[in-house]
Every structure is written in C-alpha cells, then in structure tokens.
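**Student:** Structure in structure tokens, see below.
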Amino acid sequence: MSGESATVFVVDDDPSVRRGLDRLLRSAGYAVEVFESAKDFLARLPYRGTGCIILDVQMPGTTGPELQSKIGEKDVSLPVVFLTAHGDVSTSVAAMKRGAMDFLEKPVDDEVLLEVVRQAIARHAVTQAHERDRRRIEDRLATLSARERDVMLEVIQGKLNKQIGAALGITEKTVKVHRGRVMEKMGVGSVAELVHLCDTIGITTESPKADEGESIRQVS
Amino acid sequence: MPETTPAESFHGLVAKLSADFVAMPAEAIDAGIESWLERIVRALGLERSALAQISDDGRMLVRTHAYTAPGFPPLPEHIRTDSDLPWLGRQLRAGRTIVVSKVEDLPAEAVQERQFMLSEAGPKSNVTLPLKVGGNVIGLITFASLSRERDWSQDVVQRLELIAGILANALMRKRKEWQIGSLLRFEQLLSSISATFVRLPAEDIDAALRSSLQEVVQFLGIDRATILSLSDDRTVLYRTHWHVTSDIEPMPPALGKDYAWSFGKLSKGEPVVVSCIADLPAEAAVEREYLERVGVRSMVAIPLFLGDLMLGAATFSASREEVRWPEALVQRLVLLGGVFAGALGRQAMEDAQREALHFETLIANVSARLVAVDLDRADEEVTHALETVLQFFGADYCTLAEADPDMDQAHIRYLASDAGVAPLPADFEYASKCPQTYDRIFRRGETLVRSRMGDYPAEDAIDREMVEALGIRSILAIPIAGGERPRYCLGLASSRENIIWPEEYVPRLRLLGDALVNALMRTRFEGALRTSEERFRRVVESAPNGVMMVDADGRIVLANPQIERIFGYRGEELRGRQVEMLLPPGERERHRAYRREHASESGLRAMGGGRELYGLRKDGTQVPVEIGLSPIRTNEGRFVLATVVDATERKQTEKALRDSARGLAEAQKIARLGSWTWDAVAQKLQLSDEARRIVGVEMAKFGDFIALARPQDRAELSEAIARLWTERADAIDLEFPIEPPGGGERIVRVRGRAYFGQDGSPVRAAGTIQDVSESRKAEEETRKLRTQLWHTDRVARSGTLTASLAHELNQPLTAILSNAQAALRFLAHDEPDLAELREILADIVRDDKRAAAVISGLRAMMRHHETERVSVDMAAVLTEVLGLLHSELIGAGIDLKTDFEQGCNVLADRVQLQQVVLNLVMNAVEAMRDSHAEKRRISVSCGGAGGTVQVRVQDTGPGISPQRRESVFDAFATTKPHGMGLGLAVCRSIVESHGGRIRVEAGDGGQGSRFVFEIPLMAGTGAEFGDNCVEVAP
C-alpha cells in the first residue's frame, strides 16, 4: 500500500469524531495526527513527508475553507479532504476551486474515506516527485547568466543562431558560446531535452505565428 | 460589480414567501408584503415593484405597497384606470398577465401605456399581474426593470403569478380579519361610549363627548375628530367639541356654505367619505382646496340627526396617511353619530328647560319684589329689575321709556347698561330721533323685534340710521300699559352682537313691564298698593308654569291655576294648608327640616340640588316636577315664591328623544348592550328593550336579576349591588354568567353608578348590561390562536435551525460509523487489541445517546401541546437549548460564555421556556450579523434573585436605543429584513403567562444589549427543598 509511510492529519473540533477517524485511519495502516483546531494544526507545520489533511468544514475559530487558504499561503502541498455535516453546495464549490481533493458528507463510509485518502496521498507523492524535479531544474536555471537565459529562451523556440544573434544584437559566434554554456549548465545534450526541462518548470515555447498573443508564458 | 446584499435565489424565494405568508398574522401582512417586494426585486435584479389596489369606486388604482431601489423614481401613487392607463386597466380586469420585455411589445392600441413607458418614471421592461381573489380582480402587482430591457422567462412569469396569488390572498385575509377583529373591537368601544351617555347628567355631556372623540381617534389611529354644530340659521357648522393628536391643528372654528358639496350630502343624511383627496369629484373643489390647505389626506364626515332635525356633523380625519374607510366602519361611525346626536339633543333640551325655569323664577321674583317695594326705594328696585333682565339676556342695555302723549314725546326714564359699553345719551327722545319707532310703539302698540339691523323695514331707514349711529346691532322693544296708547316701553338692546330675541319670552316681559310700571305708578299715586297687588296676582295667575306663595310657617298663601292643574287640587283646597301635602309622604319630614333651615336665606335657588323631585297629586299619583324658590320680604313678613314646572312632559320628550335617537338603540343592539335604571323613589327597575332581550325576561327589581345568576354567584352579586348604596361605591362593574328563562347560558357584564341627592339619600342608579358571551368566546379563541402562534414561531425557528441540527446529529453519527468500521478492521487483524475495542464500544454507546438527545430535543420543540406546568430547572433548560444551538453559534462565528446557578426551579412549561431562550439567543445571533467577527460574543447566565430566577442573554451587537427598548417586545417591531418580528413578542407573552417579566437594557460597558427575564421561583423549592419535594410526591 502506497500510504504506509504517509501521515493523515485530522482537524475536527468534535472529540468523538476525532477519535473515530483516528482509529479508522490507523486500522488502515496510516500514521494519524489529530488536531482540535486549525490553529493547532498550523502550529504543527512544516511537514516534509507525504500525506493529506482531513478537515471539518465547520469549526469554531478558523473554519475549514479559511484553513485551506492559509495552508496554501504556507506553500504546503498537502491535499485537503473536506468533511461536512451538511452538504453546503456553495462552500463545497469554493473549496473544490481552491483545489480540495474531495468533499465528503458526514457520516462517511470507511471505503469511501479510505479510497479518497489513498488517492490524495498518491497524488501528494506525485506532486512531491514533480516538485523535487522542478526544484532541481530551477537550481540549474539559477546558475545561468542573464544573457545565457536570453539565448536559451530563443533556442527553445527553435531559432537559428543567426536569427538569435540578430534578435539579441550579438554576433553569431557569441551566440554559439552562450548556447554551449547553457547546454552544459542545464546538463542536457540536445535542444529537445532542454525544451522538455523548460516545459517541466513551466517555460513553454510557442510559435509566435501560431498564437500572436504571447510567445512565452511563465506559469506559476 | 459592486455587491451590496447578496441576492437570494429567486426559486427558493417563492417557497419561503409562501411559507411566510401562511403563518403571517393579519397585522403583519402590510410590512410582510413590502419586505417581500424588496426581496423579489433584489433576487430578480430589478429596480421596482409595486402593488396597487382598485379603489372602492373602481376608477382608480391606489398604490399601497412598493419597493423602489434607491435612486429610481417610484410608481405614481394613483393611476386612473379609465384615463391614465386604459389598455392596462382592461387587460387586468380580464385577469390577464401583461409581459412587456420592451416598449415595442405593446400593441398599437396601448397609446398611453407606451407614453408611460417612455416617460421618466416609466419602466423599460415589466411584468404586470392582476391580483385575483376568487375570480375578482382587486388590484395589480408589477415588477419592473427601469434600467434596461430584459426578457422574462416563462418560468419566472409563472412564479410571479404564484406570488401574485399568494399576496392577493394575504391582502384579502387582512381585509377580512380587519373587518372581523377590528369591528368587534370597535363595537366594544361603541358600546362603552354609548354606555357613558346613558342617563349622563347634561353638564357632563361636553366632557364625555370630548373623551369619546379621543377614544375614537386612538382606536382608529387617526389624528383628529370633531363635532360640528349647525347654526340656528342652518348656514354654518361651528366646531364645538374636538380632539386632535399633539402635532395636529384643530379644525377651523366654522365652516360655511362654501362647502356646498359636503353640506349637500350631510343635510341629506349621507356620510361624506374621502379616502384620498383624489377621490373628490370636480364639484367638491372647495373641499379639495380646504383639505389640501390643512393637510388632511383622508376623512369621513357623519351627519348628526335627531329625528328629521340635523344638529350638525362629526368628522374624523387623518393627516399622516390615507385611510381606507370600509363601508362597515362608516356604518358604525353613523351609529356613533346617532349616540352623539342623542346626547347633544338632550343637552340642548335640558339647557332650554333650565333657562326657561330660570326665567320664570326671575320674573316671579322681580314682580314679587316690586309688589312689596317701599315707596322711597322704587327707583332702585326698577333699576335692579332692569339689570336682572339685562343679565338674563346677555344684552348691553335695558331701558324703560315713558311717553308724554300730550307732547307726543317719549324719553328714557330708567336705564341699565353693561359696564363695558358706552352709555346711551340721557336726553334721547323717541319721536324726534326715531319717528317710525315712536309711531309703532306708542301709537300702535307694536312690539319691535330687530335681531339684526337688516330686520328694519325700508320705511324705517331713519330710525335704523339713528340706532346704528349709537352702535346698536340688535333691539327688542315692548310697549307696556297697553290699550291704544301705551305709556311705557321696555327695551333691550345689544351693541356687541346680534341677539336672536326669543319671542316666547315677550308676553312674560310685558307682564314684568306691567309690574315695573305699577311700582312707578305707586310712587306717584297714593293708595295704588292694592292695584299693585292685583298686578302681581295677574303676573302669577297668567304664568305658564305653576307659581305659589308659601308663608314662613309653610302655609300655602297663593296658588295659580297651573298649580291647581299640576297637583289636581282646586285653589281653595290648597290655600291655608301645609305645603308638604304636595310631597310624597317619604319626603315630608325632610322638607320641613329643610324649610326651617333655609327660611332666612335670600336669593334665587333651585330646589333639590339636581335631584329629581316628585310631587304628590290629589289622586295619590306622583308627578315629576322642577322647582325654583325665591324668598320675598313684604310688609306682611317673609314669603317664599315657588315656581313649579311639571316635568312629565319633559320626561315624555326625553323618552321620545330616546326613541328618535335610533342610533343609540341600534348601537345597543349591535353591541348587545342594554341599559337599566333603578328609580330609588319609585323603587322600580326599568330595562331597555335590549336589556330585556339579554336577560330574556321583564323584571322590576334587582332580586329578579340576581335570581338568574348561578346559585354560587348570588350572594356575591347581592353584596356588590348593595355596596352601591351602603358604601356609596359610585360604580359597579360585574361580570358573571346567567341562565335566562329561555335557556342557554350567557355571560353578562353589568356596569352602573349610583346618584345621590344633596342630603345623601339615593335617587337612582343607572347603567348598562351587556351580553359579552361572544367577546369572551373571541378571547378564548385569541388565547388558542396565541398558543398556535407560539407553536408556529417555534416551528419556523426550528426550520431555520435545520441545517445546524443536521450538523449536530451528523457529528455523533460520523463518530459511531468510523468507530464501528475501525473496530471491524481491528477484528480482522491477527491479534485484535481488546482494550481498544472496549473503548470503541464505549464511545459508540455515548455517541448514540448524544444523537438521541438531539432528536428528542427537536421533537419537543416541534410538539404542539397544551400548557403543562412542571418543576423545571432553569440551568437545565439553558444547557439543552444552547446544546441545540452549538453549530448555529459556530456557523455565525460567535463566542459563547455561560454561567448557570444550578437548582433554580420554576413551575413552567419546559418547551415554552426553551422557546424563550431560543428566541433570545437567536435574536442575539441576528443582532451581531454585521458586527466585527472578533467581537461576536453571547453571554448567557442565570441565577436566583429575590424570589425569582433571572436569566440574562447579552450580545455585543449594535444595541437598542433607549427609545426603542419598550417597543421591541411589540409584535412586528422587527428591524430585520427577514424576520416576522414575532420572536420577542412571543417571549414576552410566554414570560408573562408564567407570571414573569422581561426587559432589555444596555449591555455591560454600554455595549450591545442584554435581555433579562425573571420568573418566580417555585415556592418551597430551591437549594434546601428541591430534592425532598420529589421524594414526598406520590
């Protein structure tokens, strides 16, 4: 089971519910940490491992959706599963828009809950792997000089050295030097590999002719 | 896009609206409609909605409810369906819904409607629906977009039709309930007013009329009521009695013939009903101008008639708002007019009677003094006589002129004038100054009656000019010492006002003149004494009322033919006998004592001090009389001159008056109100027709009446009635069931007061008897309705709590399910942890109980039951309710603080107490809806305080201003857009039904508000007794 080393965080103000969920999740082999309030949970962060959060929508103090926003601010990628005692459609829609993993109605059946938790943890694992790749690429990207970066952006659009030189106002020879350094620093052997790396961290290439609006878009 | 209040979903709205109106009390419907119009407008993104009702005459649509978004023009208040929007009017009457997405949708014939849509206040797009009740169209409701054209989906239109149906029904229900409820109450008012006037002494009538007007003003919520009396010449209505609310001016003192339209209707006996000024027809331009000038927006005028004689009118008006005057209400006001007319008629009659008696006594007195006058004091006596007459008529001059036939001249010999006017010229000579007057009086013996200068015939122009030059406006001149050439003239004149001279007094004045002249003669001719006595005898004998002279020993010295007629004796049977022979035996001893006591008094007085007097006739029957006494002193000793008026006729007139005042009888019938009179002299009980109908049998004494009461009530009733006399309790007010001989129990209310003579002996008692069975039944209904209302309020509130309650229930269910499923999983493991499994089961049991408690709490709230009072611990009630509200408080972001003293037991209905607490806490939640999130806190505490338990619910909301603290407990005093405004009213009625009190004050530190209610602690309970009580109970 993918979640065996994962931790599930339960945030619910009702002690009975907390105890019940704790037992159920432990019986499925997860490590479980329970919190009475959003404040307590936020104090527990940061957490670097894999896992997910089960969050009660309606709590005194900070409510579930408010906590969800705060977690987002803290750059925590833990997926959130909401539990609600009554199907409040507008709250659930808002939560899903903010990226909630799922929105379950109380009382929730063990199979449904555990499946959602499993998927959430799996997704978190993927996210974390992706995150690690991205961080590595970004580290490399940070070693490029400004000029090298300019050249790289031209290269991944498939431009010829001559074209790049004209666009940046430098000689073709200089372009070649920069291009060689870019390939070396980014640890790639081909333009195709470079394009893939850039794509991974959200630097995309698009033909200016195909879409006149924007040629390069940074997605954060 | 700026977001103000989030618009509700239109679909959900219709269901809520329908539920809201089902339970809405009639008084709340107007406010309810207005608030719903706003909600609909917001939900549909419109700018305006209005509801207009067809006026009584069917020609006008009157806007009665509206919501217009800020910054947009409202719909006009009045729309004439025949001229303003004729096409729309036709469509509505045909019951059609009119959907106009844009102005082009209108058909060609809708010319005016098109103009209206293109006008500044016109809609760009709207839906107009007829308000239909049982096939009748009573008005319209319109929803309009003023800013843009829009499409109206069939779905929306259908829902609007549904809304129109619900609102039309609500309006109709309001009209009906108003009619039933309010008419019932108005009839009670009518009955209490008419009870006031039964046998009310004439001098109290003015005050009673004024206070009746005040009661009507307060009852109808209008601001002015006025009684107007018609002038003698029937051209002007004078304001005589009125009541206005503080900031309203009374009506002007007089309304003249300009108001021809109103006058015309009133004099035909028709009421004038003006619901709004626009209702007035073109010919009522003067009325319209007047009403607009004085700011009256709505009025009713009721003609006051006594038989065929119009006495005046009563008007009721409102300046703040337009008032609907339903036909049924106008009818009741007409009845009220009947009561007023009866009272005014009786007052006028008694005034006239009193004045006539006064005049008789005065003439007799003056004559008697002149008979007995000393020769050297004759001038003084004559002047005194003139002064007396002057005062009686309120005139400015009274003269005695003497003619000299040889010289053909006449001069004023004696003059009395009011202190405030210029004296007449001493040498005034009639023949030279006023030749026609001289000719008429002294040559032809004519009496001159010139109430106003216009009464002078044209040929008397010189005389008129002369008189006017003296500043005189009104003259009466009576020739004296008749025959062909009168020698004297008695004159009365007024320079300050026109006096309508009562011609019926002229013959008596002439006799007085005779007496005066005689006295003068005596001063000139010796031995005229005898003639003088003759003259006096003539005065006495020709008097229209009884006059007799009684000597110091009470012997009758002289009795005129009228006395003989009144008492049925011949003159010689009376002369020399004791005057007490003419009194009922029971009165004689008292009269003798009285006569001795007052023998030395001088001056005119009425006998009996307002008591009713009876004389004994020769045939043994009694006759009601009024008696004036005036002592006279002559050379032969003291005498008392008694003027006796037979009041039989007046009593008959009074009876006729009562009969003619059909309004009173009618009012009595409607209000199931009869009157009774106990005549203490005749020892007889008299019942009005309606009173007889109520008790079902004729009866002549109180005993018969008491016999109708239930045996267990009789002793108490006898005592209460006896107290009327013995303790001089001047009023009784009793209510008890009776069983009339015809069967069927009735509840009657008997009110009355006793009237005593000056010496303290009972004269009569009078009052009303009312069949209040229906009112009591209505009150019982009201009580049931109130319980129903409490229930409705509870259910409505539980409804709003459903979401929270679902949460309360789902929490334990979640825990149970998770625990159970975890247990199953643990059991599937190789070595299940038994300790953990035991814990799980314990948790499941506890959560199951918790769920059950939520359900039973909710069920108790929804149950509709009759009150049952048991011992209830207040702290427990608070804990239960706050438990139910847990999620609601969390959802609203509210911090809760509690502090309960345990063991404060009260005898109460648990569910009702829960409801009070629930309403107060929910009210606090509502109050803090717009407060800063971190400041939302509710503190609930309870504790014993001086024999009561006090519960305090405090919030940190905006608080309630001191002025509003009293009114928040009134029904529908809501400031909340969605509330029914019943919550606090329900709290108060429940707390008061438990013998407690509720109030609101500023919260701690002046922040927020604190509702405090107190309920008496159970006797014998509390800390030291609480538990024992339970043990000794079987």
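**Student:** Out of all the residues in region B:118-138, which are within 34 Å of the chain's Cα centre (by Cα) and either crowded, with 24+ Cβ neighbours inside 10 Å or at pLDDT 90 or above (or both)?
**Tutor:** Residues satisfying the conditions do not exist here.
**Student:** A follow-up question, please. Please go through region B:876-903 and give me each residue that is of a type in the set (Asp, Glu) and either out of contact with any helix residue (DSSP H, G or I) (no Cβ under 8 Å at 6 or more places or on another chain) or within 14 Å of another protein chain (Cβ to nearest Cβ) (or both), ordered by number.
**Tutor:** Correct list: B:Glu888, B:Asp895, B:Asp899.
**Student:** Counting only residues that are within 29 Å of B:Ala765 (Cβ to Cβ), touching an Asp or Glu at 6+ places or on another chain (Cβ under 8 Å) and at pLDDT below 90, how many does region B:196-250 have?
**Tutor:** Adding up the residues that qualify gives 1.
**Student:** Here's something else I'd like to know. Test each condition in (1) touching a residue at least 40 places away in the same chain (Cβ under 8 Å); (2) within 22 Å of B:Asp247 (Cβ to Cβ) for B:Gly312 and report the one that comes out false.
**Tutor:** (2)
**Student:** Still on this model: Counting residues that are over 21 Å from B:Lys777 (Cα atoms) and at pLDDT 80 or above, which helices (runs of 4 or more DSSP H) fully inside region B:664-739 reach at least 2?
**Tutor:** Fully inside region B:664-739 and qualifying: B:702-706, B:711-726.
**Student:** From B:Gly609, B:Gly628, grab the single residue that is modelled with pLDDT under 80 and either buried (at least 16 other Cβ atoms within 10 Å of the Cβ) or touching a strand residue (DSSP E or B) at 6+ places or on another chain (Cβ under 8 Å) (or both).
**Tutor:** Result of the check over B:Gly609, B:Gly628: B:Gly628.
**Student:** So the check is Cβ under 6 Å with 6+ separation or different chains; which pairs have a first residue in region B:844-872 that's within 14 Å of chain A (Cβ to nearest Cβ) and a second one that's at pLDDT below 80?
**Tutor:** Taking only residues 6 or more apart or on different chains, the pairs are B:Val854/B:Glu808.
**Student:** Give the residues of region A:82-102 that are modelled with pLDDT of 70 or more and either within 14 Å of the chain's Cα centre (by Cα) or more than 14 Å from every other protein chain (Cβ to nearest Cβ) (or both), sorted by residue number.
**Tutor:** A:Ala100, A:Met101, A:Asp102 - these are the residues of region A:82-102 that are modelled with pLDDT of 70 or more and either within 14 Å of the chain's Cα centre (by Cα) or more than 14 Å from every other protein chain (Cβ to nearest Cβ) (or both).
**Student:** Give A:His124, A:His178 a once-over and let me know the one that is more than 14 Å from chain B (Cβ to nearest Cβ), surrounded by 19 or more Cβ atoms within 10 Å (Cβ to Cβ) and within 30 Å of A:Ser77 (Cα to Cα).
**Tutor:** So the residue among A:His124, A:His178 that is more than 14 Å from chain B (Cβ to nearest Cβ), surrounded by 19 or more Cβ atoms within 10 Å (Cβ to Cβ) and within 30 Å of A:Ser77 (Cα to Cα) is A:His124.
**Student:** Still on this model: Any residue in region B:695-712 that is within 29 Å of the chain's Cα centre (by Cα) and surrounded by 12 or more Cβ atoms within 10 Å (Cβ to Cβ)?
**Tutor:** Within region B:695-712, one or more residues are within 29 Å of the chain's Cα centre (by Cα) and surrounded by 12 or more Cβ atoms within 10 Å (Cβ to Cβ).
One line per residue, one yes/no per condition, for (1) among the polar types (S, T, N, Q); (2) closer than 17 Å to B:Val294 by Cβ:
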| site | (1), (2) |
| --- | --- |
| B:Thr196 | yes, no |
| B:Asp204 | no, no |
| B:Ala207 | no, no |
| B:Asp223 | no, yes |
| B:Leu228 | no, yes |
| B:Leu237 | no, yes |
| B:Thr240 | yes, no |
| B:Asp247 | no, yes |
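**Student:** Suppose the filter is buried (at least 19 other Cβ atoms within 10 Å of the Cβ) and of a type outside the set (Phe, Trp, Tyr); does B:Ala50 pass it?
**Tutor:** Yes.
**Student:** Sticking with this structure for a sec: Can you name every residue in region B:88-118 that is touching a strand residue (DSSP E or B) at 6+ places or on another chain (Cβ under 9 Å) and more than 21 Å from B:Arg150 (Cα to Cα)?
**Tutor:** Within region B:88-118, B:Gly89, B:Gln91, B:Leu92, B:Arg93, B:Ala94, B:Gly95 qualify.
**Student:** For B:Asp155, all conditions in the list (1) under 13 Å from B:Leu75 (Cα atoms); (2) part of a helix (DSSP H, G or I) hold save one; what is the number of the exception?
**Tutor:** Evaluating B:Asp155 over (1) under 13 Å from B:Leu75 (Cα atoms); (2) part of a helix (DSSP H, G or I) leaves (1) as the failure.
**Student:** Additional query: Residues that are modelled with pLDDT of 90 or more: find the helices (runs of 4 or more DSSP H) completely inside region B:1-106 holding 1 or more of those.
**Tutor:** So the answer is B:29-44, B:86-93.
The values are calculated or read from the model by the stated rules, or taken from the named source; none is laboratory data. Keep in mind it's a predicted model, so treat the numbers as computed, not measured. Because the Cβ atoms are built from the backbone with ideal geometry, glycine has one as well, and the counts that use them run over all protein chains shown.
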